[in-house]
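**Q** This is the structure, below, for whatever I ask next.
No lab work stands behind these numbers, since they all come straight from the coordinates. Quantities reported herein were computed from a predicted structural model and do not represent experimental measurements. When we count neighbours, we look across all protein chains shown, and the Cβ atoms used for this are built from the backbone with ideal geometry, even at glycine.
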Amino acid sequence: MSFKKLKSWAKINLSLNVIKKLPNNYHKIESLITFVQLSDEIKIKTIDKVNHKISFSGKFSKGISKNNTIIKLLNLLEKKELIKDKKFEIKVTKNIPQKSGMGGGSMNAACILKYLMKKNFFNISTSKAKEIANKVGSDVILGLEKKNSILLSSGKTIRLNNKLNFHVLIAMPKIGCSTKDIFSKVRKFSKPLYLNRNKSFFGTNNLVHSNNDLENIVFKKYSKIKNLKHFLSNLPDVAFARMTGTGSAVVAYFKSKKTAKNAAIIFKNKYKSYWYIVSKTI
């Protein structure tokens, strides 16, 4: 059997509000989420072997845990007897930086789960797929549909069909932020803002006045990320700039490809060693 090629898209948080700490030490959050044209490339096929064969290559493949989201997903599907005697060879080219706040590993698991469902390796309901996604990792559910999403504080995800036409400059220093570490330092909480399906949440005016509650925690620990946001926020023609997830990537939003590319030239002259990409919301 030949490999099937898949694209696993990066997600970014347009906003993120921390609502409360839960008894299990996780946190109740709400967030506006979109996707950008940056993807890990996944190749997958069935193999006649005793074990799955998973390999990572590419610029951001170093140090990926053996207990990664893909193996967690496959182990869970086996435990639920959904793939039974099937084994897979999966090759992942990592183009999305690790610990950047763009959900690379989570989106990989979501991408593979979607593919296995689409190709009828098993037949499960949408609610069952969501349940599996949540057991693999808290962000995995976001990748089940490539749409603008409102993550409500209740844990429910609302998908919208509207398109966001932002061109983005995404940048990060050579620092990776640990999600667990950043959330462990949360002491202040926000009141829920997203209570229903409302396209206006994704309007530029609302987004400009939104926040990522985790920025102050990250900025206290990493002055480089604080300075990066300040720099991006003051670029010509920028609508706004905001850290995605728990960092370390910061995203600057523009209305045209030209202004984003011009900003990238200015950025590159200042931050020669930082990773960056000019992309577009999907």
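**Q** Springs between alpha-carbon atoms under 10 Å, Gaussian network over the chain: tell me which of Thr34, Thr204, Thr69 tops the mean-square fluctuations.
**A** Thr204
**Q** Past 27 Å, Cα to Cα: identify those pairs from Lys62/Lys156; Lys5/Lys130; Lys72/Lys188; Lys5/Lys199; Lys135/Lys255; Lys21/Lys272, in the order given.
**A** On the way: Lys62/Lys156 33 Å; Lys5/Lys130 23 Å; Lys72/Lys188 32 Å; Lys5/Lys199 33 Å; Lys135/Lys255 37 Å; Lys21/Lys272 39 Å.
In this structure, Lys62/Lys156; Lys72/Lys188; Lys5/Lys199; Lys135/Lys255; Lys21/Lys272 exceed 27 Å between Cα atoms.
**Q** Only four residue types carry charge here, +1 at the Cβ of Lys and Arg and -1 at the Cβ of Asp and Glu. Report the dipole size of region 9-93 about the Cα centre in Debye, rounded to the nearest 20.
**A** Its charge dipole is roughly 220 debye.
**Q** Under the Kirkwood approximation applied to all pairs of distinct alpha-carbon atoms, what is the hydrodynamic radius of region 167-280 in Å? The partial results should precede the final answer.
**A** Values: mean 1/r = 0.0668 Å⁻¹.
Kirkwood radius, region 167-280: 15.0 Å.
**Q** Under 10 Å, Cα contacts only: if you run a Gaussian network model on the chain, which one of Met117, Met172, Met102 comes out with the highest mean-square fluctuation?
**A** Highest fluctuation of the listed residues: Met117.
**Q** Right, another one. Taking the Cα centre of region 111-219 as origin, sum charge times position over the Cβ atoms of Lys and Arg (+1) and Asp and Glu (-1), and report the length of that vector in debye to the nearest 20.
**A** The calculated dipole for region 111-219 is roughly 340 debye.
**Q** Further, regarding this structure: Would you please calculate the Kirkwood hydrodynamic radius of the chain over all C-alpha pairs and express it in Å, rounded to one decimal?
**A** After inverting the pairwise mean of 1/r, the radius is 19.5 Å.
**Q** Using the crude model of +1 on Lys and Arg Cβ and -1 on Asp and Glu Cβ, and no other charge, please compute the dipole size for region 35-162 relative to its Cα centre, in debye to 20.
**A** Dipole size: approximately 120 debye.
**Q** Multiply the residue separation of Asn211 and Lys156 by 0.36 nm, subtract the distance between their alpha-carbon atoms, and state the gained length in nm to one decimal.
**A** Stretched out fully, the Asn211 to Lys156 stretch lengthens by 17.8 nm.
**Q** Let me ask something else about it. For the charge dipole of region 167-280, defined by +1 on Lys and Arg C-beta atoms and -1 on Asp and Glu C-beta atoms about the Cα centroid, which residue among Val238, Ser184, Ala263 has the Cα displaced farthest towards the positive pole?
**A** Going by the charge dipole, the pick is Ala263.
**Q** Okay, next question. Restrict the search to region 161-236; then list the trypsin sites (Lys or Arg not before Pro) that DSSP places in a loop and that have at most 16 other Cβ atoms within 10 Å of their Cβ.
**A** Lys163, Lys174, Lys185, Arg187, Lys188, Arg197
**Q** Rank Leu193, Leu73, Leu164 by mean-square fluctuation in a GNM of the chain with C-alpha springs under 10 angstrom and give only the top-ranked residue.
**A** Leu193
**Q** Work out the FRET efficiency for Asn165 and Lys4 from their Cβ-Cβ distance, taking R0 = 35 Å, and round it to the nearest 0.05.
**A** The calculated FRET efficiency here is 0.70.
**Q** Based solely on its DSSP helices, what 222 nm [θ] is calculated for the chain when runs of n ≥ 4 H residues each add -39,500 (n - 2.57) and the sum is averaged over all residues, nearest 500 deg cm²/dmol? Don't skip to the answer; put the middle values down first.
**A** Numbers: 8 runs with 80 residues, N = 282.
Result for the chain: -8500 deg cm²/dmol, rounded to the nearest 500.
**Q** Starting from the Cα of Lys43, draw a straight line to each of the aspartates and glutamates and keep only those under 14 Å, dropping any in the same chain fewer than 8 residues away.
**A** Hits, sequence-local ones excluded: Glu89.
**Q** OK, next. For region 71-122, run through the GluC sites (Glu not before Pro) and keep only the ones in DSSP coil with at most 14 other Cβ atoms within 10 Å of their Cβ.
**A** Glu81
**Q** For region 1-149, with the dipole built from +1 on Lys and Arg beta-carbon atoms and -1 on Asp and Glu ones, taken about the Cα centre, which of Thr46, Ser8, His27 lies farthest toward the positive end?
**A** Checked the options; the winner is Thr46.
**Q** Could you tell me what % of all Cα pairs in region 4-160 have separations over 25 Å?
**A** Percent of Cα pairs beyond 25 Å in region 4-160: 29.
**Q** If you don't mind, another one. Convex hull over the Cα atoms of region 196-247, averaged projected area in nm²?
**A** 4.2 nm²
**Q** Arrange the peptides 240-250, 7-17 so that the one whose residues have, on average, the most other Cβ atoms within 10 Å appears first. All intermediate terms of the calculation are to be shown ahead of the outcome.
**A** On the way: 240-250: 25.0, 7-17: 23.5.
Averaged packing, sorted descending, gives the order 240-250, 7-17.
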